[in-house]
Every structure is written in C-alpha cells, then in structure tokens.
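Quick notes on the structure that follows.
The values are calculated or read from the model by the stated rules, or taken from the named source; none is laboratory data. All values derive from a computational prediction rather than experimental measurement. Note that each Cβ is placed from the backbone with ideal geometry, even for glycine, and that neighbours are counted across all protein chains shown.
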Amino acid sequence: MDADLDQFLNYLAIEKGLSENTLAAYAQDIKKFSAFLNKHSSPPVSESSPAIDLTQVTRHEIVRFLARLRAEVLSDASIARMLSSLRHFFKFLIHEGRLPHNPLAQIDAPKKALRLPKVLHFSEVEALLNLKKGEKPEAIRDDVMLELLYATGLRVSELIALPLGALNLEAGYLIARGKGDKERIVPMGDCAREKLLTYIASVRPRLLKGKSDPTLFLSRLGKKMSRQAFWKKLNVYARQAGIQKQISPHILRHSFASHLLERGADLRALQMMLGHADISTTQIYTHVARERLKQIHQAAHPRG
C-alpha cells in the first residue's frame, strides 16, 4: 500500500494543491486502515508475508473497520472524515486501474452532529486587542497579528505565511492564499491598517536584522513564525486579558465571522472573506448568531 499511498498523496499535492496538513491527515487515515487490514487478515501480515492486496478489499472489510472505529469510541465526525479519506483513495485507485470497484460505494458516512463553533464575546475581543503587550518588537508584532487576525478572519496558517507583497494598505485589503492554493481578497479595518503601517515602518526591519525574507511577520530570529509559537503567545495574552475559556487562533476567526453576521453582514460576502468553497460551511455561523440572539432575549426579556 505504501507505493499506492505515495502516488495518491503526490496526486493530491500536485493536481489538487492540498496543504501539507491535509495531506498528513489523509495519510494518517489510510495508514490506520492499512494497519487494521494487516492485523486482522487471516493469517495476520508479518514481515515475511505479503501485504494485503487492495484489489481484494470488500465491503465486509470496510464494515469490520467501521466496527473497530466505533469500538474506539471515535466521534461521528472523525469516522466520517476517515471514510472520506478512504473514499477518495479508492476512487484514485480505480482511476489508475488498480481497483475494479469502490468497496465504499454502498456505505454511507455517519451524519455529523451540528457543533457550533466557539466564539469570544465582543467585550473579550476588545480586552484582548486593547491589552498592553509591551514595547519590544516581538510584543508589537504580536499585537498587530492579533488585530489582523480578528480584522480579516484569516486562518493562522494563512496569517503566518502572509507575504509583505500581499498587502495593499492604501486600498485597505490583503490577498490571502487559502486551501487549495486559492487566492481571495479580504478587506481590513483602519485599526489593523494603522498598526500594520507602524509595524512595517519601524518594527519589521528590527526583526529582519539585515536579512532578506518576504514573510510579513517574523520571529526574533528574523524567520517565519510557527503556528505553535503564535498559539502559545495567544494563550498568554488571553490569560492576561482575563479570558478564562480555552482559546485558539481559530476562535478569533469564528468570532470575526459571528460578529459580522450579528451586525448584518451578507452571508455570501462572508463566504468569500473566509475562503469557504461551499456556503453550507459558512451557514454554521447563522446558528451561532441565532444562539446569541436567544441568549440576549432570555437575559433581557421580562419573561425570558
């Protein structure tokens, strides 16, 4: 299966333009299925015996694999994602002439339960963004990154990879490169724009330290920041701002979307700003807005 998997991942990277994180998720799911097949074949596969022939995989093996996943108490969302990975893998093998039929053809994925994204209250966002983070270059950079993250709803991977050339500060927008290497134009507010102007003029050169790097936000070593480093900094600032709930960069993206909808933003425009391929993904935020309205009603209405 290793050779087939390598070819499949190359196909996804080159033809579909998927990110390294997405490719890693596909690989993990397919390797889990492969390990299951090898362990539960009769007799079990060992170093001295041949690996399972994928052309012999049937609906029976898929059903047994599903039973194993449920025994591990995986969520419906995790099982659905894993089946989706296998479905795409088998379709690729059919296209390559390696498999006569898709063993998943008659198997439906479990329906995902509606899980509302976690968001910050506007007052919490204000506390985070207004927090004095210090005068060091790294602190000023962090302040600008948080402001821009909430101003644009970027994914953290898009934020840390943002090149200087993606900004049009005169017009007040940036060009983000999202999933599938697709570009989109995202407007930003005056607060983010003013902070970026200051950062680019007086802070970024100090972090760059005479080096050459197209990345907008740099570490103290003058290199591109990691997602993990930014995540840790966000949590430190959140605690300092008095935010007790679990927080991640994606919560600021969710908050951006939810707050825009609460204030009357158009759903299709929001889809474009977030870079969602399907508007059904964006519609989850309408549920968040409804929940927020219900909370306001219950708290404010005399008979709520």
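Below, the figures for the structure above:
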| item | result |
| --- | --- |
| Leading residue by the ranking (modelled with the lowest pLDDT) among those in the range 264-301 that are over 21 Å from GLY178 (Cβ atoms) and in a loop (DSSP other than H, G, I, E, B) | HIS301 |
| From LEU252, LEU207, LEU196, residue being under 17 Å from the mean Cα position of the chain (by Cα) and either part of a helix (DSSP H, G or I) or without any contact (Cβ under 8 Å) to a residue 60 or more places away in the chain (or both) | LEU252 |
| LEU208 vs. criteria out of contact with any helix residue (DSSP H, G or I) (no Cβ under 8 Å at 6 or more places or on another chain) and surrounded by 13 or more Cβ atoms within 10 Å (Cβ to Cβ) | yes |
| Unmet criterion (only one of (1) more than 18 Å from LYS118 (Cα to Cα); (2) exposed (fewer than 12 other Cβ atoms within 10 Å of the Cβ); (3) free of Cβ contacts under 8 Å to residues at least 24 places away in the same chain) for SER280 | (1) |
| Any chance LEU221 is farther than 23 Å from ILE247 by Cβ, touching a strand residue (DSSP E or B) at 6+ places or on another chain (Cβ under 8 Å) and aliphatic (A, V, I, L, M) | no |
| Matching entry among GLU147, GLU170, GLU138 (being in contact with a Leu (Cβ under 8 Å, 6 or more places away or on another chain), closer than 30 Å to THR198 by Cβ, without any contact (Cβ under 8 Å) to a residue 60 or more places away in the chain and in the same structural domain as THR215 (by TED's automatic domain parsing)) | GLU147 |
